[in-house]
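Structure, as structure tokens:
Read-outs: derived from the displayed coordinates by stated rules, not from any lab. Everything quoted here is computed from the prediction, not taken from an experiment. Here Cβ is always computed from backbone atoms with ideal geometry, including for glycine, and neighbour counts include all displayed protein chains.
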Amino acid sequence: MKVTLDRVRHVARTRFGIRTLRPEQVEALKAVFAGRDTMAVLPTGYGKSLIYQVPAVLSDRPTLVISPLIALMQDQQRGLRARGIPVVRLDSTLRAAERRENLARICKGGPLVILTTPETLESTVARPALLQARPRLLCVDEAHCISEWGHDFRPSYLRIDVERKSLNIPQVLALTATATPRVRRDIAARLGMNTPVEIVAPPHRANLKLSAEIVPGAYKITRAGELLRRLRRPGIVYCSTKVAVDEIYGALIKARIPCARYHGGMTNDERTRTLRMYMKSGRRKVMVATSAFGMGVDKPDIRYIMHFQVPASMEQYAQEAGRAGRDGRPSHCILLFDPSDLKIQEFLQNKSRPSPAQLTRVGKALAAWAEQGEPVEPKALALSAGVPMTTVRSLCTQLELGGLIRKERGHGYVSTVEPQALRDGVKDLAGRFEIERRQDVRRLRAITEYVETEDCRSVFIRRWFGEEDPPRCGNCDRCEEHGWRRPSSRRRTRRRGPRRRRRRRS
């Protein structure tokens, strides 16, 4: 699809109201229009969505967009409709009539954005319409989820490449705000990307003031209250558990600090009402939430992000902290650290990821069925292995990608190798699981290193994401302690300002 840069800029300006494209956006758009598989790792607020939206407007075939959350898809759909961009959504919340209508529109093809989930991509209902529409581009939004979620409770993420190839979609675009070199390699491999063009911007924004404090657990709520009384709202306080969310929410209510809460223990209606209330312009509340809140939240005036408990990784921290200050104004990113919080994350990680022992039990059960020459349904496999159904599906996806079993639609799983080869393959996969467990430990340890570092916090984060020699930010708590100023280029910019004003007045 040959499109000039002037044409791209014209569409960005007239259809999306974007007058100036960032250099990273231009580079990514050039790669997409050149037909290259593309990965764009750009901080929150850099306009990643435009990288698939402009090609969707200029293409003669649909663009298929995979999103992790239905709420995120709904927001994207509303935004595209408001700009007159043809868009449909396919997910489990649609009523039968709306689903039929959307499938009929997909069958017509042409310029169209199709928003869906990785699970819907696997459905037999959507497949005929997608095959007929022949999408030109597959875009995976929040692509880090492939690496973070594909191994545990979203196994459909690991099958995206399988489904893409079966639908004959020629090109892939992966978008995310944060990804280390290891995660970028994982994304490219999982999506079957062909020598992708990688556009990576540093995960640093000059308006964010990073700070961290070591606070014993008994004093943590008191310290959080002291900070929250001083900080300008709106803000978000992140917790690792629902119990902590409810505890802090109750304390803020007693202190008469305007607040709301959001976690997985609430009903869908409660979460939807809370989200809509918080997102309204001018609302200055504190949102106390688990990590379930935030992905796709496009509220530009969030003045602070406080982590009351440690996140699971620097990747998660950068994602969540980056939701502050999207309007470019000064904002705070505060981490309150208690070493005992690490145990909470260790428990959550062990709970979410399949264990080698579970894999071994599933492998033995699959080998037994293979010896009988019969397929096995997921439910029967879960019962015979004594492993939860969601874990069985995740493990079987891994075994399927390894070429050891095959999923036959409507018939369950069948082995594609001899029983002994299946057992050997399971043993090899268990070894990889142990490597992934060690990587989880390393990522969690990095949080402690971030808190304890004496260097610039922005430098620490940028090095974690692969930048070799980043400059000090001159703005974080460590830079202030050591008297490190902002880079000299910014000081020169400020000195030029008054001279320009004098010339205009003359």
> Straight-line reach from residue 343: which lysines have Cα under 28 Å away, leaving out those fewer than 8 places along the same chain?
Replying inline: 209, 220, 242, 351
> Quick one: Karplus J couplings for the range 455-466, per residue in order, coefficients 6.51, -1.76, 1.60, θ = phi - 60°, nearest Hz, x for Gly and Pro?
Replying inline: 8, 4, 5, 5, 4, 4, 5, 5, 5, 4, 8, x
> Per the Kirkwood definition applied to all pairs of different Cα atoms, how many angstroms is the hydrodynamic radius of the range 5-200?
Replying inline: 16.7
> What number, rounded to the nearest 500 deg cm²/dmol, is the helix-based mean residue ellipticity at 222 nm of the chain, given -39500 (n - 2.57) per DSSP H run of at least four residues and division by all its residues?
Replying inline: -15500 deg cm²/dmol
>> Below 21 Å, Cα to Cα, which lysines can residue 280 reach? Residues fewer than 8 away in the same chain don't count.
In response: 299
> Amide H neighbours of residue 39 under 5 Å, counting only residues 5+ apart in sequence or on other chains, H built in-plane at 1.01 Å?
Replying inline: 174, 197, 198, 199
> Once the Cα gyration tensor of the range 357-442 is found, what semi-axes does its equivalent ellipsoid get, as square roots of 5 times the eigenvalues, in whole Å, sorted largest first?
Replying inline: 21, 14, 11
> What relative contact order, as a whole-number percentage, does the chain give when Cα pairs under 8 Å and 6 or more residues apart are counted?
Replying inline: 14
> Which net charge results for the neighbourhood of residue 81, defined as the other residues with beta-carbon distances under 15 angstrom from its beta-carbon, given Lys and Arg at +1 and Asp and Glu at -1?
Replying inline: +2
>> Suppose every Lys and Arg Cβ carries +1 and every Asp and Glu Cβ carries -1, with no other charges. What dipole size does the range 1-138 come out with about its Cα centre, to the nearest 20 debye?
In response: 500
>> Relative contact order of the range 205-352, please, whole-number percent, based on alpha carbon pairs below 8 angstrom and at least 6 residues apart.
In response: 35
>> What are the ³J(HN,Hα) couplings of the range 383-390, residue after residue, when phi is run through the Karplus curve with 6.51, -1.76, 1.60 and θ = phi - 60°? Round to Hz, x for glycine and proline.
In response: 5, 6, 8, x, 10, x, 4, 4
>> As an exercise, identify the GluC sites (Glu not before Pro) in the range 213-299 lying in DSSP coil whose Cβ has no more than 10 other Cβ atoms within 10 Å.
In response: none
> Can you give the convex hull volume per residue for the Cα atoms of the range 151-309, as a whole number of Å³?
Replying inline: 171
>> Once each part is reduced to its C-alpha centroid, what is the distance from the range 194-239 to the range 464-483 in angstrom?
In response: 15
>> Under 8 Å for C-alpha pairs, at least 6 residues apart: give me the relative contact order for the range 357-442, rounded to a whole percent.
In response: 33
> Straight-line reach from residue 254: which aspartates and glutamates have a Cα under 18 Å away, not including same-chain ones fewer than 8 places off?
Replying inline: 226, 246
> When the Karplus curve 6.51 cos²θ - 1.76 cosθ + 1.60 is applied with θ = phi - 60°, which whole-Hz ³J(HN,Hα) does each residue of the range 166-177 get, with x for Gly and Pro?
Replying inline: 5, 8, 6, 8, x, 9, 10, 10, 10, 10, 7, 8
> Roughly what % antiparallel, to the nearest 5, for the DSSP beta bridges in the chain?
Replying inline: 10
> So who's got an amide H within less than 5 Å of the one on residue 337, skipping anything under 5 residues away but keeping other chains? H placed 1.01 Å off N, in plane.
Replying inline: 213, 214, 215
> What residues qualify as long-range amide H neighbours of residue 261, i.e. H under 5 Å apart, gap of 5 or more or another chain, H built at 1.01 Å from N?
Replying inline: 288
